[in-house]
1. Does residue 264 qualify as being closer than 20 Å to residue 494 by Cα and touching a helix residue (DSSP H, G or I) at 6+ places or on another chain (Cβ under 9 Å)?
2. Restricting to segment 442-455, name every residue that is part of a strand (DSSP E or B), out of contact with any helix residue (DSSP H, G or I) (no Cβ under 8 Å at 6 or more places or on another chain) and under 19 Å from residue 266 (Cα atoms).
3. Being modelled with pLDDT of 90 or more and aliphatic (A, V, I, L, M) is the filter here; which residues of segment 417-443 pass it?
4. Identify, from the list 439, 464, 511, the residue that is among the small types (Gly, Ala, Ser) and not in a loop (DSSP other than H, G, I, E, B).
5. Tell me whether segment 115-132 contains one or more residues that are assigned to a helix (DSSP H, G or I) and modelled with pLDDT of 85 or more.
6. Of everything in segment 41-61 that's charged (D, E, K, R) and in a loop (DSSP other than H, G, I, E, B), which residue is surrounded by the most Cβ atoms within 10 Å (Cβ to Cβ)?
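The values are calculated or read from the model by the stated rules, or taken from the named source; none is laboratory data. This is a predicted model, so every value here is computed, not measured. As a convention, Cβ positions derive from the backbone with ideal geometry for all residues, glycine included, and neighbour counts pool all protein chains shown.
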Amino acid sequence: MNKITILWADDEIDLLKPHIIFLQGKNFDVITCKSGQEALEELQKSRVDIVFLDENMPGISGLETLNEIKIIDSSLPVVMITKSEEEFIMEEAIGSKIADYLIKPVNPNQILLSLKKNLDHFRLVSEKTTANYQQEFRKIAMDLSMVNSVSEWTELYKKLIYWELRLEEIEDNSMFEILESQKTEANNHFGKFVDKNYVDWFDGTGPVMSHTLFKEWIKPEIGDTPTLLVVIDNLRYDQWYAFEDTIGSFYKKTKEDSYFSILPTATQYARNSIFSGLTPLEMEKRYPDWWKNDTDEGGKNLFEDKFLGAQIKRLGLDIKWEYHKITSLRQGKQLSQNFKTQKDNDLTVIVYNFVDMLSHSKTEMEVIKELASNDKAYRSLTQSWFKNSPLLEIIQQAQQLGMKLIITTDHGTINVKQPSKVIGDKETSLNLRYKTGRSLTYEDKDVLAAQDPAQIHLPRINMSSSFIFAKNDLFFAYPNNYNHYVSYYRNTYQHGGVSLEEMIIPFVVLSPK
């Protein structure tokens, strides 16, 4: 293992000889110099792991040297050492991203502690995280054989996300691969659980689902305080966690819960169900002019505002409300600029389509495919979008107006890896994660099948239509031009099927800070 090399810049470096001998005795290499300029020159020719930098040196100051060091290597840790405890110097140094701050006179143990904290921190955190996950792995493996309720599955899924985010931080590929295999196993078990129980969830004893969400959880939140309901299309739980901290600057969380998307976990089914408060089968019967089946011409979510108005009336809510659907940056900016007009509403509803556009763009655009090559990158891209989006501007304005905030989604999405062959006629729907049509031929083990769609409250396209839903990370592929189809869609984000990522989704209530 290579020795750790310290660059120590101090105009009184000769007085620090005992400290340097101490460090050399601890197997550190120490390069010394007497000015900021010398330190910068040394950095150009030597590999250095950390810099100790005196704040008060002749020539260019410690702070000026610090700025130059960060230009040379922004990731190089710099420990500022100074006689001064003046606040502005500390603020300047901290603002320039120093790794640590020591006040003279320093003793050898302080220096050793700073080195351990800055150079050994990652290793110590990695070892602790890995050891904790290894212990948790065994518990999750045991839970998988016993978990048998909606609440247990929700808890297990959140636990898997927690460890995914923790292991992602330490970049331990071997542990990450173990977690990925555990997620796959969890989805296999979850598919069997849904297959066995899904029909019974519609009898009133199941979890809160898309068609009961508004009545059960949103309606009770509408009251004396104006409420902003934001439905971010296609948002997974881990993506919510990616920008939760950003929202935390303006809002504090008062409730976080999980509800289940109906099948198919697709926008026309799930989101229409949220706003109508009805199952797709009920929508088709009650509002045939608003409901569109897969093979019908035209947009499938064009009447969400009408569905919502009908539900509000049916629930006897005497409220002032508005509905907005944002499908472009221009629309988002326009709403942000005029958002103050919403202050007198009891309920303002915003459907924000960006995440859905992102996932579909990943299929169609090579650039997005590169940017969102895996779940970590997908989360990062979502976070970057949110921090720079009109939606964040809208949420900031809502906070200033004292509005309650509800954030949720209609369904999640999953990165599909493996193809499953399916055969259907030309009337079969095109979605990669579910199919509806006549005479479908498929691999039984790969799907949840509904020969009678009415059992799961779905309409039929014709008298002999059935539905199938892909489980785990599978996607449907036709035998014709199979290899091209598979290579094109493998490792893309899709929704419509049965997985933890698509079905268990966040519902969060926040109050303004």
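1. Values: closer than 20 Å to residue 494 by Cα: yes; touching a helix residue (DSSP H, G or I) at 6+ places or on another chain (Cβ under 9 Å): yes.
Yes.
2. Filtering segment 442-455 down to residues part of a strand (DSSP E or B) leaves 442, 447-450.
Remaining after also requiring out of contact with any helix residue (DSSP H, G or I) (no Cβ under 8 Å at 6 or more places or on another chain): 442, 447, 449.
If the condition is that a residue be part of a strand (DSSP E or B), out of contact with any helix residue (DSSP H, G or I) (no Cβ under 8 Å at 6 or more places or on another chain) and under 19 Å from residue 266 (Cα atoms), then 447, 449 are the ones that fit.
3. Residues satisfying the conditions are 422, 423, 432, 440.
4. Working: 439 fails: not in a loop (DSSP other than H, G, I, E, B); 464 fails: not in a loop (DSSP other than H, G, I, E, B).
Result: 511 is the single residue among 439, 464, 511 that is among the small types (Gly, Ala, Ser) and not in a loop (DSSP other than H, G, I, E, B).
5. From segment 115-132, those assigned to a helix (DSSP H, G or I) are 115-119, 121-132; that's our starting set.
After this cut, where a residue has to be modelled with pLDDT of 85 or more as well, the list is 115.
For segment 115-132, residues assigned to a helix (DSSP H, G or I) and modelled with pLDDT of 85 or more: present.
6. So in segment 41-61, the residues charged (D, E, K, R) come out as 41-42, 45, 47, 49, 54-55.
In the following step, the residues that additionally are in a loop (DSSP other than H, G, I, E, B) were identified as 47, 49, 55.
Details: 47: 9, 49: 17, 55: 22.
Ranking the qualifying residues of segment 41-61, first place goes to 55.
Per-residue answers, yes or no, for (1) within 17 Å of residue 114 (Cα to Cα); (2) among the basic types (Lys, Arg); (3) buried (at least 21 other Cβ atoms within 10 Å of the Cβ); (4) touching a residue at least 12 places away in the same chain (Cβ under 8 Å):
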residue: 6; (1), (2), (3), (4): yes, no, yes, yes
residue: 35; (1), (2), (3), (4): no, no, no, yes
residue: 39; (1), (2), (3), (4): no, no, yes, yes
residue: 63; (1), (2), (3), (4): no, no, no, yes
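Residue by residue, here is whether (1) within 18 Å of residue 129 (Cα to Cα); (2) part of a helix (DSSP H, G or I); (3) in contact (Cβ under 8 Å) with a residue 24 or more places away in the chain holds:
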{"site": "154", "(1), (2), (3)": "no, yes, yes"}
{"site": "165", "(1), (2), (3)": "yes, yes, yes"}
{"site": "169", "(1), (2), (3)": "yes, yes, yes"}
{"site": "174", "(1), (2), (3)": "yes, yes, no"}
{"site": "185", "(1), (2), (3)": "no, yes, yes"}
{"site": "189", "(1), (2), (3)": "no, yes, yes"}
